């Protein structure tokens, strides 16, 4: 009697680091169609419509609910074994895992405020906009990409979080859900410090209560000594966000910020690097708002030369914002910038791995970190480099 052994179930190939990096970039430009409920962040001051998941173990946020996502070729589907994967048509591209609902979301403060209205968990970072109002909102100075007032109008948050509230929630996020850092931003205030001192005090309270590394984010203050005072509070890193290096685009999309002038950001970064150290100062650089590519890359390189990490993200139009009808930039345009900036970071000895806290540490809303890992993963494969990067000058 002949016994025939049935063939083993085919094992899905594991994508390379380069393939994962390119997939993440594609998903952040085109979105991911989902067939299951997925935790997502709506509104807010930063990237919204942020479906949170892990792809091949890499934490990532991608658009999942915007109308343009319906046309995406990428879909999240269930597997026979109960796991999840990203598909393009019938082709399985990568494994996926959904971010669980944070346990601390079930808690409330003594006066009845749900913890999730005070701070959200962005995968492994507890994050909050401590002042959910902005001097620019609702007037001619409003940043067109921003949705800070949308979340407040929808009742998903409260206008002002106190240091004590944030400390209480951060401690719970650490103990119940494993949060590894805190990222605190603020709407700009009509005061000389632009809100820096208040967000700094909030960060100080979080750090003292939960011991988490903390990044705070604010506009350049009129008096740069404010930056030193924030550093003296024990804050680990700082984000001062120029949004775009193209002055014409900045004047169009963020007229209030443009009034300071881009050089004011370089001056603030110089002081911040002296206070916090190289690599602990970052700035958002948004792609897809009509900016000139060379101006963008030159600005990123100048920032890197100063010790500033340019955190490059594709535009993610916020429903309810003045840019809600736009589309994210094509993945090819985003990838082209990553490929010129990432090797320059490496050349200068900087990477997201060296950032202590904040968006540049997390990397979920950008493909930069994935491209950094791809460039350093495995060296040569089959006689070719792991990632063809354009090093340039």
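Here are the numbers:
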item	result
Helix 163-177 vs. the chain, principal-axis angle (Cα, 0 to 90°, nearest 10)	10 degrees
Burial ordering of 202, 134, fewest other beta-carbon atoms within 10 Å first	134, 202
GNM top mover of 113, 148, 304 - the chain, alpha-carbon springs below 10 Å	113
Mean ellipticity per residue at 222 nm, deg cm²/dmol - from DSSP H runs of n ≥ 4 across the chain, formula -39500 (n - 2.57)	-10000 deg cm²/dmol
Contour minus Cα-Cα distance for residue 259 and residue 324 (0.36 nm per residue)	21.0 nm
Tilt relative to the chain, helix 17-30 - C-alpha long axis, 0 to 90 degrees, to 10	60 degrees
Average Cα contact separation per residue, the chain, under 8 Å, 6 or more apart, as relative contact order %	17 percent
Cβ-based exposure ranking for 87, 338, in which fewest neighbours within 10 Å come first	87, 338
Selected from 57, 239, 211 as most flexible by GNM, with the chain as the system and alpha-carbon contacts under 10 Å	57
C-alpha long axis of helix 293-306 to longest principal axis of the chain, angle in °	70 degrees
GNM result for the chain, Cα springs below 10 Å: residue of 52, 306, 368 fluctuating most strongly	306
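Computed from the coordinates by the stated procedures, all read-outs in this text should not be read as laboratory data. Quick caveat, the model's predicted, so the values are computed rather than measured. Please note: Cβ atoms are built from the backbone with ideal geometry, for glycine as well, and neighbour counts cover all protein chains shown.
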